[in-house]
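What follows is a single structure, written as structure tokens, with notes after it.
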Amino acid sequence: MSEQLLSLIKQAAVEAVNAAAPMEITFGIVQSVSPLKIKMDSKHIIDEDFLIKTEASVDKLAKGDKAVLLRMQGGQQFLFIDKVVE
């Protein structure tokens with residue numbers, strides 16, 4: 001197999017993984033606690049239907065807290081990992 005062909009195969013594999021976006025750590029700001037809503041940016045607010053919560057992630061949560069989220073493959077669900085403490 002030529003080096004050029006091998007390089008093209010490697011590049012295609014990397015691009016396929018990036019296109020699938022397996023997971024991504026992202027941050028948001030808690031807009032409300034009940035129901036839980038997290039603002040990702042100026043246009044996107046995620047509500048409870050798209051959040052997978054853990055006990056640790058909702059303990060002592062308040063409006064304005066910075067949330068650490070793991071965007072699941074496909075971007076349709078987010079695992080709420082925890083809140084950021086400073």
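Since every read-out is calculated from the coordinates, none of them should be taken as a lab result. What you see is a predicted model, and the numbers here were worked out from it, not measured in a lab. Cβ coordinates were reconstructed from backbone atoms using ideal geometry, including for glycine residues, and neighbour counts include every protein chain displayed.
A P(r) calculated from all alpha carbon pairs of the chain, with 5 Å bins opening at zero, reads 3, 14, 22, 18, 11, 7, 6, 6, 5, 4, 2, 1 percent. Note on Ile52 and Glu86: with the Förster distance fixed at 35 Å, the Cβ-Cβ geometry gives a FRET efficiency of about 0.90. Taken about its Cα centre, the chain carries a charge dipole of about 200 debye when Lys and Arg each add +1 at the Cβ and Asp and Glu each add -1 at the Cβ. Within a straight-line Cα-Cα reach of under 22 Å, Lys39 can be paired with the following lysines, leaving aside sequence neighbours fewer than 8 residues apart in one chain: Lys53, Lys60, Lys63, Lys66, Lys83.
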